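The values are calculated or read from the model by the stated rules, or taken from the named source; none is laboratory data. No experiment lies behind these values; they were computed from the predicted model shown. Using ideal geometry, Cβ is built from the backbone for each residue, glycine included, and neighbour counts are taken over all protein chains shown. The area values use the complete protein model at the heavy-atom level, side chains included, leaving out ligands, DNA and RNA. Shrake-Rupley method; radii C 1.70, N 1.55, O 1.52, S 1.80 Å.
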Amino acid sequence: MTENLQLNSDGKLKHFLTIEGLDKALLTEILDTAESFAGMSEQQVKKVPLLRGKTIVNLFFENSTRTRTTFELAAIRLSADVINMNIATSATSKGESLLDTIRNLEAMFVDMFVVRHATSGAAHFIAQHTAPHVSVINAGDGQHSHPTQAMLDMFTIRQIKKEFAPLRVAIIGDILHSRVARSQILALNTLGAAEIRVIAPKTLLPAHVETLGVNVFHDLTEGLKDIDVVIMLRLQKERMTSALLPSESEYFKCFGLTPAKLKIAKPDAIVMHPGPINRGVEIDTRVADGPQSVILQQVSNGIAVRMAVMSMAMQARGNG
Amino acid sequence: MNNTPLQIPALLSTLENSLIETISERKLSNPLMIGIRTGGVWIAERLHQRLNFEEPLGLLDISFYRDDFSQIGVHPNVKPSQLPTTIEGRDIILIDDVFYTGRTIRAALNEIFDYGRPNQVVLAVLIERDGRQIPLKPDCYGARISLEANQRIKLTGPEPLSIYIQSMNEAA
């Protein structure tokens, strides 16, 4: 159901809800299209008329700075009209009220929803119930999925490392609460990375995480050996409902990425982080701002990847 | 139809002469040459050399300005356009390989005008064929030919540059 919902009858990406069910060819098409848009940032005029006359609503039920801003900028650079709606809502008011919101916005002739919601499955729910001519892009749903973040990470990795096949990638930190990690693991496996490791304390790993196709480490020093790409995750304190950690300083001591720890990885390893970073909690300032960090490059690439996904979905709508 | 009389050197010479005449007639001053990717750039590179232009060639990729986006979508691997810092007030020579419907030129003009307001734009193409769909036409051409609706002019390059006519059923 999930897979079919995302694709139109020609197999084109109509909604972008999850990496799950998308094949290597489609993920590569997203990366190649994003490459075209990335080139635009070298131009004096950074705006093209592709989506002129289209209306995009950024529907953010959960706070976001980077993601919302880059989605907005992506829409503007494609010449779409974009409206940002920041809707603070409680998790319990999901069902009918969410549907009502959607119906009302549809009545304003919207072409695309970009949705962030604290509840897993919210974007799917909207895609299932929205009018057939409307595309839905998932900008993060609960602990489930954040596909555009994963794709901009893949784009950044490909930009620097060229190929996925030889790469050993370590994802470090709060895997349990991370929709980003889940999407990254799916994307890396689909694109054929040699090895994916997750490095975290037992309390911050989901049960049966190894079934996702990853090797599990609980020791940072051990897990960083031979690594090409280091992905740090933010400690999601706002999602922690129970005492999963003794203290932040204890966490930093064991799992924080310091210059000394980074030396264990390959000398040309890159350091990534989806942001926002907690300096001194999961990552040392010297690493975050150091020469191996590509954190700001990830942000720039976010615009190109979101332009790619938006233009692909807008085009596939018509043939759905 | 495959044994065509189209010869690149002859076409380029005719186009060059016509362009020299137009530059003088239209009083183009310090013109900027811009080629449209991909075939137009190949032609422009040759004319740029023949006419001894000093300023580097401008490169235009009109993929994002096409009017058939909703039908065919975005092509992956579009190259960025490279235009000089100032378009404002410039005299521009726009080069393409084949002029057919005119839609490519419409897209190219829109992109150029997004960068500024040129003083004049002159359009030079290697071949003008019939099938115009909008009110634009080239100022200079290497040859003007009539073809069946299912026929296309195909340019291959950049080295060697060659040209032939294919029927659509062959192309598939």
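Give A:GLY280, A:GLY320 a once-over and let me know the one that is more than 14 Å from chain B (Cβ to nearest Cβ), surrounded by fewer than 23 Cβ atoms within 10 Å (Cβ to Cβ) and modelled with pLDDT under 95.
Working: A:GLY320 fails: more than 14 Å from chain B (Cβ to nearest Cβ).
The unique qualifying residue is A:GLY280.
For the structure I just gave you, tell me whether A:LEU78 is within 14 Å of chain B (Cβ to nearest Cβ), at negative phi, more than 16 Å from the chain's Cα centre (by Cα) and buried (at least 20 other Cβ atoms within 10 Å of the Cβ). It would help to see each step written out before you state the result.
Numbers: within 14 Å of chain B (Cβ to nearest Cβ): yes; at negative phi: yes; more than 16 Å from the chain's Cα centre (by Cα): yes; buried (at least 20 other Cβ atoms within 10 Å of the Cβ): yes.
Criteria met by A:LEU78.
For (1) more than 13 Å from chain A (Cβ to nearest Cβ); (2) assigned to a strand (DSSP E or B); (3) touching a residue at least 24 places away in the same chain (Cβ under 8 Å), each residue gets a yes or a no:
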| residue | (1), (2), (3) |
| --- | --- |
| B:GLU54 | yes, no, no |
| B:VAL78 | no, no, no |
| B:ILE95 | yes, yes, yes |
| B:VAL98 | yes, yes, yes |
| B:LEU126 | yes, yes, yes |
| B:ARG144 | yes, yes, no |
| B:LEU155 | yes, yes, yes |
| B:GLN166 | yes, yes, yes |
Q: Taking the options A:PHE125, A:PHE155, name whichever one is outside any strand (DSSP E or B), of a type in the set (Phe, Trp, Tyr) and not assigned by TED's automatic domain parsing to the domain that holds A:LEU186.
A: A:PHE125
Q) So, of the residues in segment B:43-52 that are touching a residue at least 60 places away in the same chain (Cβ under 8 Å) and open to solvent by 40 Å² or more (accessible area, probe 1.4 Å), which turns out to be nearest to the other protein chains (Cβ to nearest Cβ)? A) B:GLU45
Q: Within segment A:183-213, track down each residue that is out of contact with any Pro (no Cβ under 9 Å at 6 or more places or on another chain), assigned to a loop (DSSP other than H, G, I, E, B) and under 19 Å from A:ILE264 (Cβ atoms).
A: A:ALA200, A:PRO201
**Q.** Pick from segment B:56-76, criterion in a loop (DSSP other than H, G, I, E, B) and modelled with pLDDT of 90 or more, ranking: surrounded by the fewest Cβ atoms within 10 Å (Cβ to Cβ)
**A.** B:PRO56
(Q) Suppose the filter is within 8 Å of chain B (Cβ to nearest Cβ), modelled with pLDDT of 90 or more and over 19 Å from A:MET85 (Cα atoms); does A:LYS12 pass it? (A) yes
Q. What are the residues in segment B:101-124 that are in contact (Cβ under 8 Å) with a residue 40 or more places away in the chain, away from every other protein chain (no Cβ under 14 Å) and open to solvent by 30 Å² or more (accessible area, probe 1.4 Å), if any?
A. B:THR104, B:GLN120
**Q.** Residues that are surrounded by fewer than 20 Cβ atoms within 10 Å (Cβ to Cβ), assigned to a helix (DSSP H, G or I) and within 14 Å of chain B (Cβ to nearest Cβ), drawn from segment A:39-74
**A.** A:GLY39
